[in-house]
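Just so it is clear, none of the values below were taken in a lab; they were calculated from the coordinates. Note that this is a predicted model, so its numbers are computed, not measured. Here Cβ is always computed from backbone atoms with ideal geometry, including for glycine, and neighbour counts include all displayed protein chains.
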Amino acid sequence: MEFYSWSRRSKTSVALSAALLLGIGLVGTTTEASAHQSRRHHRHHHYYRHDAANVAAKTPECSTTVTALKKAGAVGMLRIHGPITVFAPSNAGWAKMTKENREGLMNDPKRLAEVLKYHVVKGKYSAADLADKRSLKTVQGESLMIDNKSGTVVVDGCIVTTADVACDNGVIHIIDAVAIPERGK
């Protein structure tokens, strides 16, 4: 009888030890997976820290464009992996619109999103790259017309006032007006 109870306790101890070791192994695996996920998230976060949305938000002359992006629910468009080129209207560019047109656009999120998408192009195009382009297809679907008059880049009639603002996922060019696509007129 004594032997049976010792053997039974031994088997129970072995089973509990195995379960404990298995549990520790699983915790270790989970910890390793969590660490890997954390490293991946950290790299992802680090890469996007200076995306076009954050850079525009830190550029005082683009504050109206950032407000428009928020109203249209389109900030994510400037956070994409890229590369992208953004033609961001300056505050003065927004002010060139009549108050009625500007307020009407700002109060129509769907139309505003279409206009903002018209200012974003897939691919990274510096001011020097734009000198050789005649048009670029926008995220909205229509094409922006590019002109380079005596060294000044003009995009759909809007003058690039500040070129080549660097961001992790592309480049931003600040323009002096809001470009309106044909479908948005």
Amide hydrogen neighbours beyond the local backbone of Ile84, cut-off 5 Å, H modeled: Gly123, Gly170, Val171
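Going by how many other beta carbons lie within 10 Å of each one, how would you line up Lys71, Lys96, fewest first?
Values: Lys71 17, Lys96 14.
Going from sparsest to densest Cβ surroundings: Lys96, Lys71.
Over 21 Å between Cα atoms: which of Lys58/Lys99; Lys99/Lys133; Lys117/Lys137; Lys71/Lys117; Lys70/Lys124 fall into that group?
Numbers: Lys58/Lys99 25 Å; Lys99/Lys133 33 Å; Lys117/Lys137 11 Å; Lys71/Lys117 13 Å; Lys70/Lys124 23 Å.
Lys58/Lys99; Lys99/Lys133; Lys70/Lys124, as the Cα separations exceed 21 Å there.
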Residue (of Thr152, Val178, Ala74) at the positive-pole extreme of region 71-183, dipole from beta-carbon charges: Ala74
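Where the only charges are on Cβ atoms (+1 Lys, Arg; -1 Asp, Glu), what is the dipole of region 50-184 about its Cα centre, to the nearest 20 debye? Before the final figure, lay out each step's value.
Values: 17 positive and 15 negative charges, 58 e Å.
Dipole magnitude for region 50-184 comes out near 280 debye.
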For Thr162, residues with placed amide H under 5 Å, excluding near neighbours: Ile174
